[in-house]
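Novice: Here you go, one structure.
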Ligand SMILES: *Cc1c(COP(=O)(O)O)cnc(C)c1O
């Protein structure tokens, strides 16, 4: 049923949407239901969701297995505080996360969103150095082009130009930025690619608590892919200079890049790992920060406690759905699904490279990106895509897709056909 005009007006006048103006908002499309890979708008139109609701919905919408897990957990308990109490859904999720991540990652802090899991990782690093008697190590080193969330600590390590630094100058801690890695996975490796980073870590290691970055794929900061050797070298440099390494896999975790976690492309292990987004298959918000034993022991030395504890920590409902989603993922042929999405993107998007308006085309795992030379007009491009029966959300110069892994070939073709037609018309 079509949404009442009064309700649409209220939305426009009173509700903020992500990164938009309240006085001059972009159009929004009312969704009445979602099933599989399809969104149904209130006017009856259906579109194929090529965004997986911002990386999250890896199994498709309205999945019977996830629905059942949620319903069962609601009947048992939706929430209890995690202070002084515990429950099976959290314990099971902890076991799964410890089991599926690299061996040294053993200690799980469950948080309510990705940004918060980044804050928790940064705080763990700071407390670690206090615990081991090097309290001057208080800054973070990262690379440009990153995105780690919208809270203050997270913002401070986002790209200083493309991110939100100008708006909050003076409020943000001053971190250290190396140039963004500009050696792609297909390039042949040269140590020059990491020389600026190496210089920074060498010069400032007495001040640096940790390096934080998104392994292999820089997501919201520009959808760029870089060479896994960068991470290998970075691990060596962190070890040599006594600096912790934090990987933010909130976007890349749970199979998106073709590996369960993107660090597997480089076979390196971070000291602290952040995961989120796809952890509940897109059902509700949940994230986790997973640390090694070394980090946990440092944080908790001298009777220190770790100073964080959100109200909805380890929400049982979210944990139960996360458990169901991880089971579903691990029992599914996700590697071959992601692989076939990647090969489809490679063949279907590659011809767009020849167009004058296109700067670059790239794909990795279930991520396909067309980078234009000029910024796209979001509202116009979005409307054109919807006319093609496809939901994508362009940003800046980027038109990109990261579909649910269960998307059928025919639907994938529709997504890339729509991308081609829209780009061809520009
Ligand atoms: C989305 C994202 C975050 C922030 O997660 P929220 O759940 O939106 O707070 C942090 N880091 C990366 C890499 C992300 O993609």
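The values are calculated or read from the model by the stated rules, or taken from the named source; none is laboratory data. Predicted model only: the values in this text are computed from it and were never measured. As a convention, Cβ positions derive from the backbone with ideal geometry for all residues, glycine included, and neighbour counts pool all protein chains shown.
Novice: For residue 243, which of the numbered conditions (1) away from the ligand (no atom under 16 Å from the Cβ); (2) within 25 Å of residue 188 (Cβ to Cβ); (3) crowded, with 22+ Cβ neighbours inside 10 Å fails to hold?
Specialist: (2)
Novice: If residue 182 satisfies all but one of (1) touching a residue at least 40 places away in the same chain (Cβ under 8 Å); (2) under 17 Å from residue 234 (Cα atoms); (3) crowded, with 17+ Cβ neighbours inside 10 Å; (4) more than 16 Å from the ligand (Cβ to nearest atom), what's the number of the condition it fails?
Specialist: It is condition (3) that residue 182 fails.
Novice: Next question. Would a scan of segment 268-283 turn up a residue that is within 17 Å of residue 230 (Cα to Cα), more than 16 Å from the ligand (Cβ to nearest atom) and surrounded by fewer than 24 Cβ atoms within 10 Å (Cβ to Cβ)?
Specialist: The answer is yes, given that some residue of segment 268-283 is within 17 Å of residue 230 (Cα to Cα), more than 16 Å from the ligand (Cβ to nearest atom) and surrounded by fewer than 24 Cβ atoms within 10 Å (Cβ to Cβ).
Novice: Further, regarding this structure: Looking for something within 16 Å of the ligand (Cβ to nearest atom) and either surrounded by 14 or more Cβ atoms within 10 Å (Cβ to Cβ) or closer than 23 Å to residue 363 by Cα (or both) - is there at least one such residue anywhere in segment 194-206?
Specialist: Among the residues of segment 194-206, not one is within 16 Å of the ligand (Cβ to nearest atom) and either surrounded by 14 or more Cβ atoms within 10 Å (Cβ to Cβ) or closer than 23 Å to residue 363 by Cα (or both), which makes the answer no.
Novice: Also, I was wondering about something else. Among (1) in the same structural domain as residue 218 (by the TED database); (2) more than 15 Å from residue 281 (Cβ to Cβ); (3) surrounded by 13 or more Cβ atoms within 10 Å (Cβ to Cβ), which single condition is residue 95 missing?
Specialist: Condition (3) is where residue 95 drops out.
Novice: A follow-up question, please. Take residue 147 and tell me if it is away from the ligand (no atom under 12 Å from the Cβ) and in contact with a helix residue (DSSP H, G or I) (Cβ under 9 Å, 6 or more places away or on another chain).
Specialist: Considered against the rule, which asks whether it is away from the ligand (no atom under 12 Å from the Cβ) and in contact with a helix residue (DSSP H, G or I) (Cβ under 9 Å, 6 or more places away or on another chain), residue 147 comes out as no.
Novice: Being at pLDDT 95 or above, touching a strand residue (DSSP E or B) at 6+ places or on another chain (Cβ under 7 Å) and farther than 27 Å from residue 115 by Cβ, is that true of even one residue in segment 165-180?
Specialist: The answer is no; no qualifying residue exists.
Novice: Checking the conditions here, which among 117, 156 is within 12 Å of the ligand (Cβ to nearest atom), modelled with pLDDT of 95 or more, assigned by the TED database to the domain that holds residue 309 and in contact with a strand residue (DSSP E or B) (Cβ under 9 Å, 6 or more places away or on another chain)?
Specialist: Exactly one of 117, 156 is within 12 Å of the ligand (Cβ to nearest atom), modelled with pLDDT of 95 or more, assigned by the TED database to the domain that holds residue 309 and in contact with a strand residue (DSSP E or B) (Cβ under 9 Å, 6 or more places away or on another chain), namely 117.
Novice: List pairs: first residue in segment 105-123 and farther than 13 Å from residue 156 by Cα and in contact (Cβ under 8 Å) with a residue 12 or more places away in the chain, second residue within 12 Å of the ligand (Cβ to nearest atom) and part of a helix (DSSP H, G or I) anywhere in the structure, Cβ distance under 7 angstrom, at least six positions apart or on different chains.
Specialist: 109/120; 111/117; 111/120; 114/277
Novice: Which of the strands (runs of 3 or more DSSP E) found entirely inside segment 323-425 contain at least 1 residues meeting this: at negative phi, surrounded by fewer than 19 Cβ atoms within 10 Å (Cβ to Cβ) and free of Cβ contacts under 8 Å to residues at least 12 places away in the same chain?
Specialist: 358-364
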